[in-house]
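Below is one structure, written out as structure tokens, with a few remarks after it.
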Amino acid sequence: MIKTEKLCKVFRTDEVETSALTDIDLSVEEGEFLAVMGPSGCGKSTLLNIIGLLDNPTSGSYRLFGQEMSGLKDNDRARFRKGCIGFVFQNFNLIDELTVEQNVELPLMYMGVSSAERRKRVRAILERVNISHRCKHFPSQLSGGQQQRVAVARALVTTPKLILADEPTGNLDSRNGQEVMTLLSELNEAGTTIMMVTHSDRDASYAHRVINLFDGAIISEMISR
């Protein structure tokens, strides 16, 4: 599903050149749950951004669903991303002025899905993540755990094959964090592929496999469960 070879990312300014990723060889099978760990600044989020087609590598190969992604233009990356990849972020990234159901509906509007189909999908996904009773509330009226459930629902409403999660429990207390990780694990068991960046050993224990990055390179890999 995901395959990178010799993947590199270099950030350049007029005076400084910084290597964020160096020769990353990585494979993720369909239905797998992969955790990416490492210290701050080691390249975890950079790798996730490239996998999520939010950025291009400087060199190397990145194939998604068998198709080469390296070098795609912005419009092509956006078109491929729609409906294929869902994102869950540490800071939720919900729109304060929109209700829960409006936030979840937004990706479907960008995809041109009809209003009737949007309503049906939004209702179904909110029930799936146990937040339908808050559908008319605004993000400010929700707890952190509830906001992250909405963010997961928004990521899932397009029925993506791949979920990318960047520190999904980073702003949550232990109980809410565990609820979100249980939800992600259930989604994975239902067939969704998940790639997650985390600092948490507890969160990583939900993954099938853990890779560790240091200074932009994979330094170790282990089977988690």
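The values are calculated or read from the model by the stated rules, or taken from the named source; none is laboratory data. Everything numeric here is computed off the predicted structure, so don't read it as measured data. Ideal geometry is used to build each Cβ from the backbone, glycine not excepted, and the neighbour counts take in all protein chains shown. The area values use the complete protein model at the heavy-atom level, side chains included, leaving out ligands, DNA and RNA. Shrake-Rupley method; radii C 1.70, N 1.55, O 1.52, S 1.80 Å.
Of all the residues that make up region 12-36, how many are among the polar types (S, T, N, Q), free of Cβ contacts under 8 Å to residues at least 60 places away in the same chain and in contact with a strand residue (DSSP E or B) (Cβ under 7 Å, 6 or more places away or on another chain)? Break it down stepwise before answering.
Narrowing region 12-36 to residues among the polar types (S, T, N, Q): 13, 18-19, 22, 27.
Pick out the ones that are also free of Cβ contacts under 8 Å to residues at least 60 places away in the same chain and you get 13, 18, 27.
Next, from what is left, pick out any that are in contact with a strand residue (DSSP E or B) (Cβ under 7 Å, 6 or more places away or on another chain): 18, 27.
Number of matching residues: 2.
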| Of everything in region 57-95 that's among the polar types (S, T, N, Q) and part of a loop (DSSP other than H, G, I, E, B), which residue is least open to solvent (accessible area, probe 1.4 Å)? | SER70
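Yes or no, residue by residue, for (1) β-branched (Val, Ile, Thr); (2) open to solvent by 50 Å² or more (accessible area, probe 1.4 Å); (3) closer than 20 Å to VAL88 by Cα:
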site: PRO107; (1), (2), (3): no, no, yes
site: GLY112; (1), (2), (3): no, yes, no
site: ALA116; (1), (2), (3): no, yes, no
site: ARG119; (1), (2), (3): no, yes, no
site: VAL122; (1), (2), (3): yes, no, yes
site: ILE125; (1), (2), (3): yes, no, yes
site: SER140; (1), (2), (3): no, yes, yes
site: GLY145; (1), (2), (3): no, no, yes
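Against the condition of a type outside the set (Phe, Trp, Tyr), touching a strand residue (DSSP E or B) at 6+ places or on another chain (Cβ under 6 Å), closer than 30 Å to ALA78 by Cα and surrounded by fewer than 23 Cβ atoms within 10 Å (Cβ to Cβ), how does VAL152 come out, does it pass?
Numbers: of a type outside the set (Phe, Trp, Tyr): yes; touching a strand residue (DSSP E or B) at 6+ places or on another chain (Cβ under 6 Å): yes; closer than 30 Å to ALA78 by Cα: yes; surrounded by fewer than 23 Cβ atoms within 10 Å (Cβ to Cβ): no.
For VAL152, the condition - of a type outside the set (Phe, Trp, Tyr), touching a strand residue (DSSP E or B) at 6+ places or on another chain (Cβ under 6 Å), closer than 30 Å to ALA78 by Cα and surrounded by fewer than 23 Cβ atoms within 10 Å (Cβ to Cβ) - is not met.
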| request: Hey, could you check region 37-61 for residues that are in contact with a strand residue (DSSP E or B) (Cβ under 7 Å, 6 or more places away or on another chain) and among the hydroxyl-bearing types (Ser, Thr, Tyr) and say which is farthest from PHE11 (Cα to Cα)? | output: SER61
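Which one is most open to solvent (accessible area, probe 1.4 Å) among residues in region 193-213 that are in a loop (DSSP other than H, G, I, E, B) and in contact (Cβ under 8 Å) with a residue 40 or more places away in the chain?
Of the residues in region 193-213, the ones in a loop (DSSP other than H, G, I, E, B) are 198-200, 205-208.
This time we only want the ones that are in contact (Cβ under 8 Å) with a residue 40 or more places away in the chain, so: 198-199, 206-208.
Numbers: THR198: 1, HIS199: 102, TYR206: 45, ALA207: 0, HIS208: 53 Å².
Ranking the qualifying residues of region 193-213, first place goes to HIS199.
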